[in-house]
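Novice: This is the structure, below, for whatever I ask next.
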């Protein structure tokens, strides 16, 4: 059974004469432990698709199942709870909160997901160690390198053991070495946690880490593995 | 730390703006407490003199129910003293003469620092209606001595042992008094006959002050004196004090209320602007938090907690500064009397916290307009 499933999803952004059909009959499934790369040119709708998959946007038509739950059928509060408990996000910019240390940034996500203080502390410590971030745990984002920041963002995305990880150009702002380190950490740890991973990217460096590749063109998804 | 605590910390801005806001709140706190402190100081000074426990009743001529305003030409004849003394319960009756008289330091030959102050003529050194308290020195012992409010002495540049000029006569400063500065003017105390001579008054006084046998009810004796001498007015200590407080605060209170309200409004505006700025500047952070599943309630609580922290820092700093200012002014510039009361500080803290939170609520509405997809923008 897939962890993330989109069926016949249609999505229009904008209103009236400015309305643009962004997603057209999208059907895709991502299974536990699978790493799916979604490639496509800028403006092809990758971010919108991530928004729909993560329950941030409601599609005009179609069904979205997240960890077995139909997210368009529930109210905003329930959707928020599903998101915080079942989804991990990695953004192009790390988007860490400046006022918190690396450790606190991760801890905050764990607490938002409903982990107890003790469980959140343990899981944060474990992940920061796995990502070689233990020495930077007490540093603020402005004191971290770009690669370190993004690895903290990976820890934040995984700390609550989400069923689905959605990543938007996670290596887009990193150099080759840091990009590889982030991609490797994200995919290996997510697979270890048996999470379904959907990564939107232009970055060919990510291809070796993927189990499957998809192309998004003209609002439709095509299999790019063949 | 719980989620709202972490969120409040996350909103901390390492740049100076939050500190400027806290400083702004502190400044507004000092402003409001200073105004309240000045108000209380004036009331305390009035209570110190007009409410002095040695005097139970004040007998005043028609049209003069307080020390500050009223007819200076209408006076009580000194001949009345013996008649009042004969009333049961009356222990002592003594005259007090009030007059605004010019005074200057002997060394100030050009008269550059000549001030017209409220002179109280009484029977020196220990008569009723004399100085309520001393900061230094002792009461005047004769016609050629004066006890001067310490703020007035500071203005004149004189101290105990110096000489001042009053009505063309050289008079030695024997003491500096406390609780005799009502901001608009200060008191000085001289011998009754000297004051009468300078003011050109003969055999009359502004008030007769009465001390009663403690066994007698002041209100009852006051009625009896009033019945016996219907042309004059008789006030108990409480009534006379209330009259004086009314006079000194009547002009002061509306202005004080207005400025204090403006201070509170300014502090609220600062907090509102800060919260608005935080939300606008941190849109991406809020978008990211919404995407991650932070509830509107936890975000609101985080923002409110952040605002509350700044307001609290500002109020605590402001209260501390106001007390420090009170001590500093008392030490270096006693002409500005302050009496910052703990209850005022508590009141101001509660008021500022409440208005700060209300001011923070309006910008919080804009949180609802943040699209979580903003977090995906590079």
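The values are calculated or read from the model by the stated rules, or taken from the named source; none is laboratory data. These numbers were taken from a predicted model, which means no experiment stands behind them. FYI the Cβ positions are ideal-geometry reconstructions off the backbone, even for glycines, and counts take in every protein chain you see.
Rundown of residues vs (1) crowded, with 18+ Cβ neighbours inside 10 Å; (2) within 14 Å of chain A (Cβ to nearest Cβ); (3) touching a strand residue (DSSP E or B) at 6+ places or on another chain (Cβ under 6 Å), yes/no style:
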| residue | (1), (2), (3) |
| --- | --- |
| B:288 | yes, yes, no |
| B:299 | yes, yes, no |
| B:303 | yes, yes, no |
| B:312 | no, no, no |
| B:326 | yes, no, no |
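Novice: I would also like to ask the following. Of the conditions (1) more than 9 Å from chain B (Cβ to nearest Cβ); (2) on the phi > 0 side of the Ramachandran plot, residue A:35 satisfies every one except a single condition; which number is it?
Specialist: The single condition residue A:35 does not satisfy is (2).
Novice: Still on this structure, please answer the following. Mind listing whichever residues of region A:38-58 are farther than 22 Å from residue A:171 by Cβ and either away from chain B (no Cβ under 14 Å) or free of Cβ contacts under 8 Å to residues at least 24 places away in the same chain (or both)?
Specialist: Listed by number, the list holds a single entry, A:58.
Novice: Hey, among the residues in region A:191-203 that are at pLDDT 90 or above and in contact with a helix residue (DSSP H, G or I) (Cβ under 7 Å, 6 or more places away or on another chain), which one's surrounded by the fewest Cβ atoms within 10 Å (Cβ to Cβ)?
Specialist: A:193
Novice: Can we say residue B:277 is part of a helix (DSSP H, G or I) and closer than 20 Å to residue B:26 by Cα?
Specialist: Yes.
Novice: Filtering region B:116-130 down to residues that are in contact with a helix residue (DSSP H, G or I) (Cβ under 8 Å, 6 or more places away or on another chain) and assigned to a loop (DSSP other than H, G, I, E, B), which residue is farthest from residue B:81 (Cα to Cα)? Don't jump to the end; show me each part of the working.
Specialist: Of all residues in region B:116-130, those in contact with a helix residue (DSSP H, G or I) (Cβ under 8 Å, 6 or more places away or on another chain) come to B:117, B:119-124, B:127.
Next, from what is left, pick out any that are assigned to a loop (DSSP other than H, G, I, E, B): B:123-124, B:127.
On the way: B:123: 13, B:124: 17, B:127: 14 Å.
The residue in question is B:124.
Novice: Would it be correct to say that residue B:169 is free of Cβ contacts under 8 Å to residues at least 40 places away in the same chain, over 29 Å from the mean Cα position of the chain (by Cα) and outside the structural domain of residue B:334 (by TED's automatic domain parsing)?
Specialist: Working: free of Cβ contacts under 8 Å to residues at least 40 places away in the same chain: yes; over 29 Å from the mean Cα position of the chain (by Cα): yes; outside the structural domain of residue B:334 (by TED's automatic domain parsing): yes.
Here the answer is yes, as residue B:169 does meet what is asked.
Novice: Look at residue A:119 and say whether it is without any contact (Cβ under 8 Å) to a residue 60 or more places away in the chain, farther than 15 Å from residue A:4 by Cα, away from chain B (no Cβ under 13 Å) and assigned to a helix (DSSP H, G or I). Show your work before the answer.
Specialist: Working: without any contact (Cβ under 8 Å) to a residue 60 or more places away in the chain: yes; farther than 15 Å from residue A:4 by Cα: yes; away from chain B (no Cβ under 13 Å): yes; assigned to a helix (DSSP H, G or I): yes.
Here the answer is yes, as residue A:119 does meet what is asked.
Novice: Related question: If you go through region A:133-150 one residue at a time, how many are more than 14 Å from chain B (Cβ to nearest Cβ), surrounded by fewer than 21 Cβ atoms within 10 Å (Cβ to Cβ) and under 18 Å from residue A:90 (Cα atoms)?
Specialist: Selection size over region A:133-150: 3.
Novice: Within region B:318-337, how many residues are in contact with a helix residue (DSSP H, G or I) (Cβ under 7 Å, 6 or more places away or on another chain) and assigned to a helix (DSSP H, G or I)?
Specialist: We begin by selecting, within region B:318-337, every residue in contact with a helix residue (DSSP H, G or I) (Cβ under 7 Å, 6 or more places away or on another chain); these are B:318-319, B:321-322, B:325-326, B:334-337.
Still in the running and assigned to a helix (DSSP H, G or I): B:318-319, B:321-322, B:325-326.
Going through region B:318-337 one residue at a time, the tally reaches 6.
Novice: Same structure again: Name every residue in region A:162-186 that is assigned to a loop (DSSP other than H, G, I, E, B) and either away from chain B (no Cβ under 13 Å) or in contact with a helix residue (DSSP H, G or I) (Cβ under 7 Å, 6 or more places away or on another chain) (or both), in order of residue number. Working first, answer last.
Specialist: Quick first cut of region A:162-186, residues assigned to a loop (DSSP other than H, G, I, E, B) only: A:162-163, A:169-175.
Listed by number, the residues that qualify are A:162, A:163, A:170, A:171, A:173, A:174, A:175.
Novice: I'm checking my understanding of the structure. Among residues of region A:94-112 that are part of a loop (DSSP other than H, G, I, E, B) and more than 18 Å from the chain's Cα centre (by Cα), which one is farthest from the other protein chains (Cβ to nearest Cβ)? Full working, then the answer.
Specialist: The first filter runs over region A:94-112 and keeps only residues part of a loop (DSSP other than H, G, I, E, B), leaving A:94-101.
Narrowing further to those that are more than 18 Å from the chain's Cα centre (by Cα): A:98-101.
Details: A:98: 7, A:99: 4, A:100: 5, A:101: 9 Å.
Out of the qualifying residues, it is A:101.
Novice: Confirm whether residue A:128 is outside any helix (DSSP H, G or I) and touching a residue at least 24 places away in the same chain (Cβ under 8 Å).
Specialist: Working: outside any helix (DSSP H, G or I): no; touching a residue at least 24 places away in the same chain (Cβ under 8 Å): yes.
Considered against the rule, which asks whether it is outside any helix (DSSP H, G or I) and touching a residue at least 24 places away in the same chain (Cβ under 8 Å), residue A:128 comes out as no.
Novice: Would you say residue B:315 is touching a helix residue (DSSP H, G or I) at 6+ places or on another chain (Cβ under 8 Å), more than 30 Å from residue B:290 (Cβ to Cβ) and touching a residue at least 40 places away in the same chain (Cβ under 8 Å)?
Specialist: Numbers: touching a helix residue (DSSP H, G or I) at 6+ places or on another chain (Cβ under 8 Å): yes; more than 30 Å from residue B:290 (Cβ to Cβ): yes; touching a residue at least 40 places away in the same chain (Cβ under 8 Å): yes.
Spelling it out, residue B:315 is indeed touching a helix residue (DSSP H, G or I) at 6+ places or on another chain (Cβ under 8 Å), more than 30 Å from residue B:290 (Cβ to Cβ) and touching a residue at least 40 places away in the same chain (Cβ under 8 Å).
Novice: Can you report the number of residues in region A:14-58 which are surrounded by 24 or more Cβ atoms within 10 Å (Cβ to Cβ) and assigned to a loop (DSSP other than H, G, I, E, B)?
Specialist: 4
Novice: Based on this model, can you work out whether residue B:129 counts as at positive phi, assigned by TED's automatic domain parsing to the domain that holds residue B:99 and surrounded by fewer than 16 Cβ atoms within 10 Å (Cβ to Cβ)? Reasoning before the result, please.
Specialist: On the way: at positive phi: yes; assigned by TED's automatic domain parsing to the domain that holds residue B:99: yes; surrounded by fewer than 16 Cβ atoms within 10 Å (Cβ to Cβ): no.
No; evaluated as a whole, the condition is false for this residue.
Novice: Could you please find all residues in region A:65-79 being without any contact (Cβ under 8 Å) to a residue 60 or more places away in the chain and either closer than 15 Å to residue A:24 by Cα or in a strand (DSSP E or B) (or both)? Spell out the reasoning first.
Specialist: To start, the set of residues in region A:65-79 that are without any contact (Cβ under 8 Å) to a residue 60 or more places away in the chain comprises A:69-79.
Within region A:65-79, A:69, A:70 qualify.
Novice: The conditions are (1) more than 21 Å from residue B:294 (Cα to Cα); (2) exposed (fewer than 14 other Cβ atoms within 10 Å of the Cβ), and residue A:70 fails exactly one of them. Which is it?
Specialist: It fails just one condition, (1).
Novice: Taking the stated definitions as given, is residue A:217 over 16 Å from the mean Cα position of the chain (by Cα), touching a residue at least 60 places away in the same chain (Cβ under 8 Å) and more than 14 Å from residue A:92 (Cα to Cα)? Break it down stepwise before answering.
Specialist: Values: over 16 Å from the mean Cα position of the chain (by Cα): yes; touching a residue at least 60 places away in the same chain (Cβ under 8 Å): yes; more than 14 Å from residue A:92 (Cα to Cα): yes.
So residue A:217 passes the test.
Novice: While we're on this one: Can you find a residue that is without any contact (Cβ under 8 Å) to a residue 40 or more places away in the chain, under 30 Å from residue B:28 (Cβ atoms) and assigned to a helix (DSSP H, G or I) anywhere in region B:238-253?
Specialist: yes
Novice: Suppose the filter is at pLDDT below 95, assigned to a loop (DSSP other than H, G, I, E, B) and under 22 Å from residue B:48 (Cα atoms); does residue B:108 pass it? Quick ask: steps written out before the conclusion?
Specialist: Working: at pLDDT below 95: yes; assigned to a loop (DSSP other than H, G, I, E, B): yes; under 22 Å from residue B:48 (Cα atoms): no.
Here the answer is no, as residue B:108 does not meet what is asked.
Novice: Among the listed residues B:3, B:32, identify the single one that is over 26 Å from residue B:247 (Cα atoms) and in contact with a helix residue (DSSP H, G or I) (Cβ under 8 Å, 6 or more places away or on another chain).
Specialist: After ruling out the rest, the residue left standing is B:3.
Novice: Test residue A:96 against the stated conditions and say whether it is over 14 Å from residue B:288 (Cα atoms) and touching a residue at least 12 places away in the same chain (Cβ under 8 Å). Lay out the reasoning, then the answer.
Specialist: On the way: over 14 Å from residue B:288 (Cα atoms): no; touching a residue at least 12 places away in the same chain (Cβ under 8 Å): yes.
When the stated conditions are applied, residue A:96 does not pass them.
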